[in-house]
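Shown next, in structure tokens, is the structure this report addresses.
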Amino acid sequence: MKKILVLLILIGVTISAHSQTLEELKATLAIQKDSLKAIQERVNTTQGKINAFPGWKKAAFGTIGGTFSNFNNWYAQRSPNNRSGNIGFTVNAYANLDTDYYFWRNAGNLNLSWVKFDDKDRANDNTRWREATDVFNVTSLYGMKLTETFALSGLGEYRTTILNNFNNPGYLDAGIGGTWTPTKDLVIVVHPLNYNLVFSRNDVIFQSSYGTKILVDYTRQIKEVSFKTNLSMFNSYKNGNLSNWTWNNSFSYSLWKMIGIGFDFGLRNNKQEALKFAFDNYDVNSGDPIPTFDTVNNKLQTYYTIGLSYKF
């Protein structure tokens with residue numbers, strides 16, 4: 001009986017010692033977490049001071065998305081035997097120089113994607129990868145500061161597609177005016193003296209003209225979130241049909257180290273592109289009237305990409 005009692009006492013002491021050790025470990029872990037948080041706050045403060053110094057600021061982040069599937073004898077669907085896929089990526093990059101007297105801001109956006117659908121039961125099915133999204137945009141803005149937030153500026157912006165119909169059309173805006181930077185992350189450009197040079201093999205539809213250029217760009221990183229929104233507008237003095245605007249947006253949330261989730265979407269309105277598309281798909285034997293600026297259905301252009309993101 002005494003041996004059993006001694007054994008029970010030893011077991012109780014062991015359990016109590018283990019419980020105390022676990023509680024001590026939890027208390028130590030809490031202290032370590034607080035210390036890591038304090039260290040990270042000091043690191044962020046120091047990094048903020050470094051970022052505040054004049055000089056080049058460079059960064060890039062992007063999104064990669066893709067899906068692949070293969071079906072065999074899946075009779076519930078119209079094509080029971082097929083292979084399909086979708087691949088796309090987006091890259092946003094900038095290099096900015098800010099001094100007490102002038103600034104020079106450069107940015108680029110590239111968004112490409114391909115799709116494929118192979119019906120294995122159709123011998124003549126198109127099995128190649130086809131371009132789905134094709135966006136390329138670069139801007140360069142230089143300004144001489146009159147105040148802390150306002151500058152006389154010159155802007156060059158080029159937009160086109162690169163996978164298909166490169167530079168057909170392509171748009172090059174060049175002009176001068178003013179730039180307002182109410183915060184370091186927000187840039188608002190208004191250039192009433194701007195020339196919109198259009199490159200195209202169809203001079204009947206696409207025409208160059210003078211007009212007002214408006215550009216709004218907001219790029220920021222808040223902890224794990226990186227986002228960029230860019231609105232580019234051109235208002236033609238010659239004809240409203242030659243005006244256009246494009247709005248691109250990119251979001252990235254870091255999950256682990258440099259890898260995260262990304263979401264990109266864009267909107268565009270361009271009547272010249274809508275008319276060219278109508279001409280390219282016009283059937284001369286249909287009896288329908290030839291498309292014109294007055295009759296073309298100028299639908300809103302949109303795209304989006306969702307997938308894994310990688311911050312450079």
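The values are calculated or read from the model by the stated rules, or taken from the named source; none is laboratory data. Just so it is clear, the model here is predicted, and its values are computed rather than measured. FYI the Cβ positions are ideal-geometry reconstructions off the backbone, even for glycines, and counts take in every protein chain you see.
Residues in the range 96-108 that are farther than 16 Å from Val189 by Cβ and within 16 Å of the chain's Cα centre (by Cα): 1 in all.
Scanning the range 276-299 for residues being touching a residue at least 24 places away in the same chain (Cβ under 8 Å) and either among the hydrophobic types (A, V, I, L, M, F, W, C) or outside any loop (DSSP other than H, G, I, E, B) (or both) gives a total of 4.
Within the range 22-72, the set of residues being at pLDDT below 75, more than 30 Å from Thr229 (Cα to Cα) and not charged (D, E, K, R) comprises Leu22, Leu25, Gln32, Ser35, Leu36.
Answer yes or no: is there a residue in the range 140-155 that is free of Cβ contacts under 8 Å to residues at least 40 places away in the same chain and closer than 22 Å to Gly88 by Cβ. Checked against the condition, which is being free of Cβ contacts under 8 Å to residues at least 40 places away in the same chain and closer than 22 Å to Gly88 by Cβ, the range 140-155 yields no hits at all. Number of residues in the range 146-159 that are exposed (fewer than 15 other Cβ atoms within 10 Å of the Cβ) and under 23 Å from the mean Cα position of the chain (by Cα): the value is 1.
Surrounded by fewer than 17 Cβ atoms within 10 Å (Cβ to Cβ), within 30 Å of Tyr101 (Cα to Cα) and among the small types (Gly, Ala, Ser): is that true of Gly143 in this structure? No; evaluated as a whole, the condition is false for this residue.
This table checks each residue for (1) at pLDDT below 90; (2) not aliphatic (A, V, I, L, M).
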| residue | (1), (2) |
| --- | --- |
| Met233 | no, no |
| Tyr237 | no, yes |
| Trp247 | no, yes |
| Phe263 | yes, yes |
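Determine if the range 240-247 includes at least one residue that is of a type outside the set (Lys, Arg) and within 16 Å of the chain's Cα centre (by Cα). Within the range 240-247 (the criterion being of a type outside the set (Lys, Arg) and within 16 Å of the chain's Cα centre (by Cα)), the answer is yes, since at least one residue qualifies. Quick one: which of Thr139, Thr147, Thr160, Thr179 is at pLDDT 90 or above, in contact with a Pro (Cβ under 8 Å, 6 or more places away or on another chain) and farther than 19 Å from Tyr237 by Cα? None of the other options fit; the residue is Thr160. Here are the criteria: (1) out of contact with any Asp or Glu (no Cβ under 6 Å at 6 or more places or on another chain); (2) surrounded by 14 or more Cβ atoms within 10 Å (Cβ to Cβ); (3) within 27 Å of Ala107 (Cβ to Cβ). Tell me which single one Ala278 does not satisfy. Failing condition for Ala278: (3).
Answer yes if at least one residue in the range 279-290 is under 17 Å from Phe227 (Cα atoms) and of a type in the set (D, E, K, R), and no otherwise. No: the range 279-290 contains no residue that is under 17 Å from Phe227 (Cα atoms) and of a type in the set (D, E, K, R). Of the residues making up the range 108-123, those that are assigned to a strand (DSSP E or B) and among the hydrophobic types (A, V, I, L, M, F, W, C) are Leu110, Leu112, Trp114, Val115, Phe117.
Of the candidates Val198, Val204, Val216, the single residue that is touching a helix residue (DSSP H, G or I) at 6+ places or on another chain (Cβ under 8 Å) and in the same structural domain as Ser252 (by TED's automatic domain parsing) is Val198.
Each residue in the range 243-265 was checked for being closer than 20 Å to Val198 by Cβ and part of a strand (DSSP E or B), and 5 pass.
Condition check for Leu267 on (1) surrounded by 18 or more Cβ atoms within 10 Å (Cβ to Cβ); (2) under 30 Å from Thr292 (Cα atoms): one failure, at (1). Taking the conditions (1) outside any loop (DSSP other than H, G, I, E, B); (2) without any contact (Cβ under 8 Å) to a residue 24 or more places away in the chain in turn, Asn126 satisfies each one other than (1).
Name every residue in the range 129-168 that is among the aliphatic types (A, V, I, L, M) and in a strand (DSSP E or B), in order of residue number.
If the condition is that a residue be among the aliphatic types (A, V, I, L, M) and in a strand (DSSP E or B), then Ala132, Val135, Val138, Leu141, Met144, Ala151, Leu152, Leu155 are the ones that fit.
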